[in-house]
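Working notes, beginning with the structure itself.
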Amino acid sequence: MTPITLFKRYVWLIDTIYSAYSISKEEIDHRWSLSTLNDSHESQIPRRTFFRHKEAIQEIFGVNIACDKTKGSVYYIENREEIEHDTIRQWVISTFSVNNLLTKREYLRDKILLENIPSGQTYVTRILDSIDHGQQLSIIYQSFFDDTPYNVIVEPYCLKLFKQRWYVLSHRPDKMQLRVYALDRISSLSLTGSSYTIPKTFDAELFFSNYYGVLLNRKVDKIVLRVTNFRAKYLNSLPLHHTQQVIKTDKGFTWLELHVAPTFDFIQEIRSMGNEVLIEAPNYLRNELLFDYQTSQELYNK
């Protein structure tokens, strides 16, 4: 069995158990017998093979498949909560699960529509190489705010995907500051050969935890939104920020409280909700949006 075939089987097994929450070996065998990956038309996964797969999955993906004998020997993902908070692992498993399906069912390819990410593949790998080897990068960058591109030396800390664009958070040694660069604004990139070290205390998820998006130009504040109950359904299922909580519901409206930096990215998201949202607090942010709406009205009146 080729390494690629084995890898696909590992992903299939993870996805089968993960999506079922708990499942017996008999049901796993039944689903395997129907799988498009089962080229040999096996009626079951041999027990020794199953346990070898379990060990390999633990080593490669860090996914622990355990057996609960108190419930009739059903299998489940022991560290499910850990995986649910690990966006990279979830993304890898999900991507390969879909790829497994499409490999054998080409006719389904036009039934899956994905968002295009223009800057997605050009520099991601090389930036990850820079982070992995701790080597500075020399980039030619064209900001939307500058007329001409400029050269800058950066020390990448992490990558972030937001609104169909890749961004790299980097330390600028000449400014002694952390800056965010959009990959689709980079025209060239090369390793300098000079080394750098990411501080051991740096935590990418923690760093961005106070922000919505990638802009870092404001401090955290308590923001209260009044939204229609219809909009609240969407925001409860996919919160704007991890601090979001419902503080009141009354007469067709829901009040949400968030502790987040009200950056341009956040404000743009609020604007996109139109008349389904009203900023209750703080007043300066409420007035900012009120001014924007008045300016827009003047523009339309002209």
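The values are calculated or read from the model by the stated rules, or taken from the named source; none is laboratory data. What you see is a predicted model, and the numbers here were worked out from it, not measured in a lab. Every residue, glycine among them, receives a Cβ derived from its backbone with ideal geometry; neighbour counts consider all protein chains shown.
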Hey, Asp129 surrounded by fewer than 15 Cβ atoms within 10 Å (Cβ to Cβ), modelled with pLDDT of 80 or more and in contact with a strand residue (DSSP E or B) (Cβ under 9 Å, 6 or more places away or on another chain) or not
yes
Output for the range 51-76, where each listed residue is of a type in the set (Val, Ile, Thr), more than 10 Å from Ile23 (Cα to Cα) and either touching a Pro at 6+ places or on another chain (Cβ under 8 Å) or assigned to a strand (DSSP E or B) (or both)
Ile65
Among the candidates Arg286, Arg218, Arg271, which residue alone is surrounded by 14 or more Cβ atoms within 10 Å (Cβ to Cβ) and either under 22 Å from the mean Cα position of the chain (by Cα) or under 23 Å from Lys163 (Cα atoms) (or both)?
Arg218
Which number in (1) touching a strand residue (DSSP E or B) at 6+ places or on another chain (Cβ under 8 Å); (2) at pLDDT 90 or above marks the one condition that Lys175 misses?
(1)
Please enumerate the residues belonging to the range 50-63 that are within 16 Å of Lys25 (Cα to Cα) and either surrounded by 15 or more Cβ atoms within 10 Å (Cβ to Cβ) or at pLDDT below 90 (or both).
Phe50, His53, Lys54
Scanning the range 181-206 residue by residue, those surrounded by fewer than 16 Cβ atoms within 10 Å (Cβ to Cβ) and closer than 29 Å to His241 by Cα turn out to be Ile198, Pro199, Lys200, Thr201, Phe202, Asp203, Ala204, Glu205, Leu206
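For the range 127-150, enumerate the residues that are assigned to a strand (DSSP E or B) and out of contact with any Phe, Trp or Tyr (no Cβ under 8 Å at 6 or more places or on another chain).
The first filter runs over the range 127-150 and keeps only residues assigned to a strand (DSSP E or B), leaving 135-141, 150.
Within the range 127-150, Leu137, Ser138 qualify.
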